[in-house]
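The values are calculated or read from the model by the stated rules, or taken from the named source; none is laboratory data. Being a predicted model, the structure only gives us computed values, none of them experimental. Quick reminder, even Gly has a Cβ in these numbers, built from the backbone with ideal geometry, and neighbours come from all protein chains shown. Areas reflect the complete protein model, heavy atoms only, side chains present, ligands, DNA and RNA absent. Shrake-Rupley method; radii C 1.70, N 1.55, O 1.52, S 1.80 Å.
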Amino acid sequence: MHAATRSTRRIIRLEASDAGRSVRARSFRHADHRSSLCEACACGQEATVAFLVDLDETDLDALGPDGVSPLCAATIWGYDGIVRLLVEATCNPNVRNRDATRSTALHAAAAQEHGKIVHLLLQAGADATLEDGESRMPSDFASVSDAVWPLFAVRGLLRTPKATLVEKRVIRKAVAAAAADGAQAAAPPRPRR
């Protein structure tokens, strides 16, 4: 529930809390729309996202200060309601993050097995074959998961072989992982002070 008053310099919004008990007023300057949208997406503030999506000035695909898109921020935390809002507002589902990963929201959704979000993104036209900064595709992450793989298979994609997933560092080889874990366990305990 929100009411808005517009001026050329700022937008004031009154927002009722989820419990309906308190009302807050927040002010957004036009220059802050990018970071405000990304922050609201990452924090699960669906009412704020709905408000910002309705503003003509809001760029739905603008990356936040950390280089992550609003869609990816919502995807990482599993906020499917916010992902739905952004997709329905026609954000670009193939926007790449400008961080070390160069990934998309579909990479994050597949890696974290957010099936509902994977479905929303694929329906919105997300490309399951876009490579991230380490040459990994969303379909590579989905290949590991029996929960989300069917959403990719129905589109005619082939499951990535296990050896390729190890090469791409999507999964670790069990022997190497066990050896690394065993080396940590074999280390002598530190003396107490």
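Here the condition is being within 18 Å of ALA40 (Cβ to Cβ) and out of contact with any Phe, Trp or Tyr (no Cβ under 7 Å at 6 or more places or on another chain); of VAL83, VAL144, VAL148, it holds for VAL83 alone.
Within the range 72-82, can one find any residue that is free of Cβ contacts under 8 Å to residues at least 60 places away in the same chain and more than 29 Å from GLY156 (Cα to Cα)? No, there is no match, as no residue in the range 72-82 is free of Cβ contacts under 8 Å to residues at least 60 places away in the same chain and more than 29 Å from GLY156 (Cα to Cα).
Residue by residue, here is whether (1) under 25 Å from ALA73 (Cα atoms); (2) at pLDDT below 95; (3) open to solvent by 80 Å² or more (accessible area, probe 1.4 Å) holds:
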{"position": "THR101", "(1), (2), (3)": "yes, yes, no"}
{"position": "VAL118", "(1), (2), (3)": "yes, no, no"}
{"position": "ALA126", "(1), (2), (3)": "yes, no, no"}
{"position": "ALA179", "(1), (2), (3)": "no, yes, no"}
{"position": "ALA187", "(1), (2), (3)": "no, yes, no"}
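Run down ARG169, ARG84, ARG155 and say which single residue is under 30 Å from ASP56 (Cα atoms) and open to solvent by 70 Å² or more (accessible area, probe 1.4 Å). ARG84 is the lone residue from the list that is under 30 Å from ASP56 (Cα atoms) and open to solvent by 70 Å² or more (accessible area, probe 1.4 Å). Filter the range 128-150 for residues that are acidic (Asp, Glu) and open to solvent by 40 Å² or more (accessible area, probe 1.4 Å) and give the result. Matches in the range 128-150: GLU131, GLU134, ASP146.
For the condition surrounded by fewer than 21 Cβ atoms within 10 Å (Cβ to Cβ) and at pLDDT 95 or above, ARG96 qualifies.
Please work out which one of (1) open to solvent by less than 40 Å² (accessible area, probe 1.4 Å); (2) in contact with a His (Cβ under 9 Å, 6 or more places away or on another chain); (3) hydrophobic (A, V, I, L, M, F, W, C); (4) more than 16 Å from LEU71 (Cα to Cα) is the condition ALA108 fails and give its number. Among (1) open to solvent by less than 40 Å² (accessible area, probe 1.4 Å); (2) in contact with a His (Cβ under 9 Å, 6 or more places away or on another chain); (3) hydrophobic (A, V, I, L, M, F, W, C); (4) more than 16 Å from LEU71 (Cα to Cα), ALA108 violates only (4). Listed here are the helices (runs of 4 or more DSSP H) enclosed by the range 127-170 that have at least 1 residues being of a type outside the set (Phe, Trp, Tyr) and over 14 Å from HIS107 (Cα atoms): 149-153, 162-167.
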